[in-house]
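*Asks:* Sharing a structure here in structure tokens format.
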Amino acid sequence: MNYVATIGLEVHVQLKTRSKMFCASPVEFGAEPNTHTCPVCLGLPGALPVMNQEALRMTVVTGLMLGCDIAPVSKFDRKNYFYPDMPKNYQISQYDMPLCTNGSVPLHDLAYPKDAQKNIVTHDKEVHLVRIHLEEDVAKSFHFENSTGIDFNRAGTPLMEIVTQPEINSPEEAFAFLSALKQILIYGAVSDADMEKGQLRCDCNVSLRPEDQTELGAKIEIKNLNSVSGVRRALAYEIRRQTSILERGEQMEQETRGWDDTAGETFLMRIKEFAHDYRYFPDPDLVPVKTDALVAEVRERVPELPKAKRERFVAQYQVSPYDAAVLANDLELATYFEAAAKGAKKPKHIANWILNDLQNALSAAGKAINECAIPPEALDELVNLIDSGKISSKQGKEVFAEMFATGRTAAAIVQEKGIEQLSDVSAIEGLCDEVIMVNPKPVADFRAGNVASLNFLKGQVIKLSKGKANPQIVGQILEEKLKA
Ligand code: MN
């Protein structure tokens, strides 16, 4: 029996605003615990929330990037429950009037895990969204040996909750969804989406049903996954576990599970007997938001999306679709490429240098593109020196290594090392004449039909030029002279 997995994701994304959602306390990861707090985010009696307009803008930017419908009027509600890391005993969230509904995240091949890119089931799949709403993050608990400490720095950080339709069908697709979403959030400058810093957290629900059955199986939720690869592994584990239960003919029950990353397995947290009743009601301290002016203003801020950038790179710079995808996969790399390629005669050559030599050098040095010593225009200069025959491509590699290490320009290095390639025709003609004169035997051999002798003579000319003569020009001139 084959089983079909149905997966939905709920992603929480911290927005990178300077201050919190409803107060002026700063948002900063890794600060000394409980130093970024105030009466509002500590939930002290009588403190009043004030909406962070930038967080509203960023959520609308995200909604527009993902093709969502933006609600003309949106409001905030109180979600009531008790948890030690939530000082007010309710979370300000959105219930029936979220800022964004619908929309989708387009997947692309490079968003899949590397080892799964050859086995993509549906290319260019789009995962549709149910909604995006805005809420506040809770504080963070730290468990020590005999006590627990709470850091309220995180409490009140603006948080977008992005909910997908249950239309993801494999752990690899879930991985691709998160990578593609992360990329769009970075393009939009709304979040750094760094899972290690908890800026993007994910809950998954997964159910299994026999292939010939239309009704969905029992929904199993896996809570609080904090890495993209963790999501993939947890889902793969869960699908294996549920398959073996169904194969034994047992019933699945709806339940909530956790993920033990070290053990590589999910574990039971609770069985859901009843749906939670959070007693949502509109927050009386916050007025509903009319979004028309905000949407008009924000439309100008919607950046080019990864998909559009990939297509434009192919059309504008004649790079292959694959190279365009690799370049656009990293916004900083794409920006670097574009700065170098803008005025370039052969942008494709720039792309080759970036994707091969530059990326290899960066990874060997353990550096990111924004730490690269070679400014983009300087790379264009190097490529021009090679393309115009001033230096050979072998010399180009040498110059490149020096540029990468020192940040000096190609022209300065070429001049200092005296490695400029000799392309002057009359100078090369002189060298050829000399070589022909002192090598009568190979010359006679060539004229008698031994084509290989030409290579010997070519080598002699290049040697005579101390390696500087342009081999292509040497070959042409020699041949002309010997045939004459
Ligand atoms: Mn939430």
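*Asks:* What relative contact order, as a whole-number percentage, does the stretch 15-154 give when Cα pairs under 8 Å and 6 or more residues apart are counted?
*Replies:* Numbers: 229 pairs, mean separation 33.1, N = 140.
With pairs under 8 Å counted, the relative contact order is 24 percent.
*Asks:* Specify the angular offset, from 0 to 90 degrees and rounded to the nearest 10, of the alpha carbon long axis of helix 471-483 from the longest principal axis of the alpha carbons in the chain.
*Replies:* Helix 471-483 sits roughly 30 degrees off the main axis of the chain.
*Asks:* Run the numbers on the chain and let me know its relative contact order in percent, using alpha-carbon pairs under 8 Å that are six or more apart. The partial results should precede the final answer.
*Replies:* Values: 843 pairs, mean separation 68.7, N = 484.
Over the chain, the number comes to 14 percent.
*Asks:* Within the chain, what is the longest stretch that has no chymotrypsin sites (Phe, Trp or Tyr not before Pro) placed in a DSSP loop and near at most 11 other beta-carbon atoms within 10 Å? Can you show the working numbers first?
*Replies:* On the way: sites that count: Phe82, Phe144, Phe274.
The segment 275-484 is the longest one with no such site.
*Asks:* If you don't mind, there's one more thing I want to ask. What figure in square angstrom, to the nearest 10, would you give for the accessible area of Asp96 with a 1.4 Å probe?
*Replies:* Surface accessible to solvent at Asp96 totals approximately 100 Å².
*Asks:* Something else now. How far is helix 171-187 tilted, in degrees, relative to the longest principal axis of the Cα atoms in the chain, given as a value from 0 to 90 rounded to the nearest 10?
*Replies:* 80 degrees
*Asks:* So what's the back-of-envelope 222 nm ellipticity for the chain, counting only DSSP H runs of four-plus at -39500 (n - 2.57) apiece and dividing by all residues, rounded to 500? Don't skip to the answer; put the middle values down first.
*Replies:* Values: 16 runs with 184 residues, N = 484.
About -11500 deg cm²/dmol.
*Asks:* Could you rank Cys432, Cys38 by how accessible they are, 1.4 Å probe, largest area first?
*Replies:* Values: Cys432 0, Cys38 30 Å².
From most exposed to least exposed: Cys38, Cys432.
*Asks:* Longest exposed-loop-site-free stretch of the chain, with GluC sites (Glu not before Pro), DSSP loop and at most 16 other Cβ within 10 Å?
*Replies:* Details: sites that count: Glu28, Glu145, Glu167, Glu211, Glu215, Glu250, Glu253, Glu273, Glu300, Glu304, Glu420.
The answer is 29-144.
*Asks:* Leaving ligands, DNA and RNA out of it, work out the accessible area of Thr335 with a 1.4 Å probe and give it in Å² to the nearest 10.
*Replies:* Number for this one is 80 Å².
*Asks:* Next up: According to the square roots a ≥ b ≥ c of the eigenvalues of the Cα gyration tensor, what is the shape class of the stretch 224-366, taking rounded for a/c under 1.5, prolate for a/b larger than b/c otherwise, and oblate for the remainder?
*Replies:* Numbers: a/c = 3.16, a/b = 1.52, b/c = 2.08.
Oblate is the answer for the stretch 224-366, as a/c is 1.5 or above yet b/c matches or exceeds a/b.
*Asks:* Ok, one more. Per 0.36 nm of contour for each residue apart, how much would the distance between Lys483 and Asp192 grow if the chain were fully extended, relative to their Cα-Cα spacing?
*Replies:* Full extension of this stretch gives 98.2 nm more.
*Asks:* Determine, from the Cβ-Cβ distance of Asn226 and Lys345 and an R0 of 35 Å, the FRET efficiency 1/(1 + (r/R0)^6), rounded to the nearest 0.05. List each step's numbers first, then the result.
*Replies:* Numbers: r = 47 Å, r/R0 = 1.34.
With R0 = 35 Å, the Cβ-Cβ based efficiency is 0.15.
*Asks:* Suppose R0 equals 56 Å. What FRET efficiency, 1/(1 + (r/R0)^6) with r the Cβ-Cβ distance, do Asp212 and Glu371 give to the nearest 0.05?
*Replies:* On the way: r = 55 Å, r/R0 = 0.98.
Taking R0 as 56 Å, the efficiency between Asp212 and Glu371 is 0.50.
*Asks:* Also, I was wondering about something else. Lys/Arg Cβ at +1, Asp/Glu Cβ at -1, dipole of the stretch 3-299 taken about the Cα centre: which of Thr164, Pro288, Ile150 is farthest positive-ward?
*Replies:* Pro288
*Asks:* Assign unit charges at the C-beta atoms only (+1 for Lys and Arg, -1 for Asp and Glu), then state the dipole size of the chain relative to its Cα centre in Debye, rounded to the nearest 20.
*Replies:* Charge dipole of the chain: 1160 debye, to the nearest 20.
*Asks:* Order Arg270, Arg312, most accessible first, counting only protein heavy atoms with a 1.4 angstrom probe.
*Replies:* On the way: Arg270 100, Arg312 65 Å².
The most accessible residue leads, giving Arg270, Arg312.
*Asks:* Largest first, how would Met437, Met403 line up by accessible area (1.4 Å probe)?
*Replies:* Met437, Met403
*Asks:* Whole percent per 10 Å bin, from 0 to the bin with the longest distance: what is P(r) over all C-alpha pairs of the chain?
*Replies:* 4, 15, 20, 20, 15, 9, 7, 6, 3, 1, 0
*Asks:* Then there's this: Roughly speaking, what is the centre-to-centre gap between the stretch 84-131 and the stretch 45-65 when only Cα atoms are used, to the nearest Å?
*Replies:* 19 Å
*Asks:* Measure off 7 Å from each Cα along the Cα-to-Cβ vector at Cys38 and Leu268, then give the distance between these two points in nanometres to one decimal.
*Replies:* 4.7 nm
*Asks:* Can I ask one more? How big is the accessible area of Ser104 in square angstrom, nearest 10, if you roll a 1.4 angstrom probe over the protein chains?
*Replies:* Rounded to the nearest 10, the figure is 20 Å².
*Asks:* Between His128 and Ser141, what is the label-point separation in nm under the 7 Å Cα-to-beta-carbon projection?
*Replies:* 3.8 nm
*Asks:* Something else now. Counting pairs of alpha carbon atoms under 8 Å apart in space and at least six apart in sequence, what relative contact order in percent does the stretch 304-417 give? Kindly include the intermediate steps, with their values, before the conclusion.
*Replies:* Numbers: 94 pairs, mean separation 22.5, N = 114.
Computed value for the stretch 304-417: 20 percent relative contact order.
The values are calculated or read from the model by the stated rules, or taken from the named source; none is laboratory data. Bear in mind the structure is a predicted one, so any value in this text is a computation, not a measurement. Every residue, glycine as well, gets a Cβ built from its backbone with ideal geometry; the counts of neighbours run over all protein chains shown. In case anyone asks, the SASA skips ligands and DNA or RNA and just uses the protein heavy atoms, side chains included. Shrake-Rupley method; radii C 1.70, N 1.55, O 1.52, S 1.80 Å.
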